[in-house]
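Below is one structure, written out as structure tokens, with a few remarks after it.
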Amino acid sequence: MKIRFLYLIFLLLINCKNEKKAVLLADREAPLGWIYLKMYDDKSFEFISQGMMRDKDIYKGIYELKNDTLYFKYNDSIPRAGSKAVIKKGFVDYINGNYPESIEIKLNKLIINK
């Protein structure tokens, strides 16, 4: 019985250690939907676009932070917002997409070196 209990504790500790933590969360309400950006401590991210009348589109990849600029490298396709953004005044502003996208930061634990 004690061995099973110790094994269960060991598995729980391993799972807790491997859990990634959010370092930046941002979102905004879009026409008939929402835009979300979730960035994690392992340098992965999810850009999510979902609407009331359409399915959820999830764009995943890894990011790099240089000064106040974010560079997103997507696993597959790139959303129309683009792959480069600047953090300023509580917003993530995408600057190289088909349209200007700006989403409000709700949680920011990123360390920006200037």
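Please determine, by comparing only the residues of the range 16-36 that are part of a helix (DSSP H, G or I) and open to solvent by 100 Å² or more (accessible area, probe 1.4 Å), which one is modelled with the lowest pLDDT.
Result: Lys17.
Within the range 70-114, work out how many residues are touching a residue at least 12 places away in the same chain (Cβ under 8 Å) and assigned to a loop (DSSP other than H, G, I, E, B).
20
I'm trying to understand the selection: among the residues of the range 52-69, which are farther than 16 Å from Ala81 by Cα and either among the acidic types (Asp, Glu) or in a loop (DSSP other than H, G, I, E, B) (or both)?
Met52, Met53, Arg54, Asp55, Glu64, Asn67, Asp68
Restricting to the range 60-89, name every residue that is open to solvent by 50 Å² or more (accessible area, probe 1.4 Å) and either touching a Gly at 6+ places or on another chain (Cβ under 6 Å) or hydroxyl-bearing (Ser, Thr, Tyr) (or both).
The answer is Tyr71, Lys73, Asn75, Ser77, Arg80.
For the range 65-87, name all the residues that are at pLDDT 95 or above and on the phi > 0 side of the Ramachandran plot.
Gly82
The values are calculated or read from the model by the stated rules, or taken from the named source; none is laboratory data. Note that the coordinates shown come from a computational prediction; the quantities given were computed from them, not determined experimentally. We place every Cβ from the backbone using ideal geometry, glycine too, and count neighbours over all the protein chains shown. Keep in mind that these areas ignore ligands, DNA and RNA; they rest on the heavy atoms of the full protein, side chains included. Shrake-Rupley method; radii C 1.70, N 1.55, O 1.52, S 1.80 Å.
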